[in-house]
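*Asks:* My structure is below; once you've seen it, I'll send some questions.
The values are calculated or read from the model by the stated rules, or taken from the named source; none is laboratory data. Keep in mind that this is a model prediction, so the values were computed, not measured. Cβ atoms come from the backbone with ideal geometry, glycine included; neighbour counts cover every protein chain shown. All accessible areas refer to the heavy atoms of the entire protein, side chains included, with ligands and DNA or RNA removed. Shrake-Rupley method; radii C 1.70, N 1.55, O 1.52, S 1.80 Å.
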Amino acid sequence: MKYVNFLRSHPAEPVTPVEVTDEERSVVYMAASLLLDYPKADWAERLNQVSQAVTVLPEPLSGRFLEFCNWAQSVPQSEVEAQYVDTFDQKRRCAPYLTYYAVGDTRGRGAAILTFQELLKAAGFELQGNELPDYLPVVLELCARSDDPAVKHLLPAYREGLEVLRAALGQLGAPWTPILENVCAVLGPIDDQTMDLYQKLIRQGPPAELVGNEDLPFPTSIPGA
């Protein structure tokens, strides 16, 4: 197996957990889903919806969301789009696909994605558009809307990958960093086993058994763009 060097510095410290109700956690997941998706024609509407909805959240959650919304409303949408592509489409370490952090660019990724597909169907949801079922905004929306017990444990099961994405965005100084901080904050403290997996993933990266040109960034396109 070949590995990519995700972060040159030491792993970023975890964010301080924030205790929330189930309803508040759902607000966090839904707001993060809307803001982490590619900025399309409804971008301004999404920002307004999130800005209003997150006022019910405790600090620092509401402050982080509003920090991002204030930035996104202060620059042209074309600039947000360009930064989104540069961050999530061109940088392997910022891939917004949960299975990438678990199995990387290996032949096993197809089976991992199928698991997400089956979970969506079992929870009564159907994908629209071209998004993959492990696309983080899709998973966040599912977790915000579903009461299925299996869905409840989905994000915690991929916690180390979320932490790597959070750390990578923070190292880049990406505007989306506060959003990942909020997602991680409402998942609770990290246990020792997950911390070990996170640090190992930082050091080694996910498996990279690539087929074709291994120099291509992952992913190579934005679903639904």
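*Asks:* Given the -39500 (n - 2.57) contribution per DSSP H run of 4+ residues, what per-residue ellipticity at 222 nm results for the chain, rounded to the nearest 500 deg cm²/dmol?
*Replies:* Dividing the helical sum by the residues of the chain leaves -16000 deg cm²/dmol.
*Asks:* Extending each Cα 7 Å along its Cβ direction at ALA41 and ALA122, get the distance between those two points in nm, one decimal.
*Replies:* For ALA41 paired with ALA122, the spin-label model returns 3.7 nm.
*Asks:* Separate question: Put a dot 7 Å past each Cα toward the Cβ at LEU114 and GLN193; how far apart are the dots in nm?
*Replies:* Result for the modelled spin labels: 2.6 nm.
*Asks:* How many lysine pairs in the chain, separated by 8 or more positions in sequence or lying on different chains, have Cα atoms less than 21 Å apart?
*Replies:* Close lysine pairs under the 21 Å cut-off: 5.
*Asks:* What is the distance in Å between the Cα centres of the stretch 45-74 and the stretch 94-140?
*Replies:* So the two Cα centres are separated by 27 Å.
*Asks:* Past the 20 angstrom mark, what percentage of all C-alpha to C-alpha distances in the stretch 1-133 do you count?
*Replies:* Everything past 20 Å amounts to 61 percent.
*Asks:* Still on this structure, I have one more. Can you give the FRET efficiency to the nearest 0.05 for ASP22 and LEU66, using r as the Cβ-Cβ distance and R₀ = 25 Å?
*Replies:* 0.65
*Asks:* Among GLU45, GLU160, GLU141, which one shows the biggest mean-square fluctuation in a GNM of the chain, springs joining Cα atoms closer than 10 Å?
*Replies:* Highest fluctuation among the options: GLU45.
*Asks:* If I ignore ligands, DNA and RNA and count only protein heavy atoms, how much of THR115 is accessible to a 1.4 Å probe, in Å² to the nearest 10?
*Replies:* My reading of the accessible area for THR115 is about 80 Å².
*Asks:* Between GLU79 and ASP147, 0.36 nm times their residue separation minus their Cα-Cα distance comes to what?
*Replies:* 20.8 nm
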